[in-house]
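Just below is one structure, and these are the notes that go with it.
None of the figures in this text is laboratory data; all of them are computed from the coordinates on show. The structure presented is a predicted model; accordingly, all values stated were derived computationally and were not measured. Neighbour counts are summed over all protein chains in view; Cβ atoms, including those assigned to glycine, are modelled from backbone coordinates with ideal geometry.
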Amino acid sequence: MEVEITGLRIYPVKACGVIELEEMSFGDRGPELDRRWMVTRPDGAFLTQREHPVLARVRAALGPDHLELSV
């Protein structure tokens, strides 16, 4: 079976926007920095795009020592 990789993407914040990558690193839990954070309510319940489609507009940018979110 032949496999073609057409793009490398991570979603640092679950249910939010994607970051396109040129190269990808992997750790014990899969792609590094993929779905490592999530948006939660004060009671700890997480939010989903199904419930809150506006989350798709949230974009993440990775800095050397921080994560920046914007809409």
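Brief remarks follow.
- Residues in the stretch 1-29 that are in contact with a Lys or Arg (Cβ under 7 Å, 6 or more places away or on another chain) and of a type in the set (Lys, Arg): 14 alone.
- Pick from the stretch 13-31, criterion free of Cβ contacts under 8 Å to residues at least 12 places away in the same chain and at negative phi, ranking: farthest from the chain's Cα centre (by Cα): 28
- Restricting the search to strands (runs of 3 or more DSSP E) fully inside the chain and requiring at least 1 residues that are in contact with a helix residue (DSSP H, G or I) (Cβ under 7 Å, 6 or more places away or on another chain) and exposed (fewer than 11 other Cβ atoms within 10 Å of the Cβ) gives an empty result.
- Within the stretch 60-71, residues that are over 15 Å from residue 35 (Cα atoms) have Cβ atoms under 9 Å from residues that are of a type outside the set (Asp, Glu) in these pairs: 70/58; 70/59; 70/60; 70/61; 71/54; 71/57; 71/58; 71/59, counting only partners at least 6 apart in sequence or on another chain.
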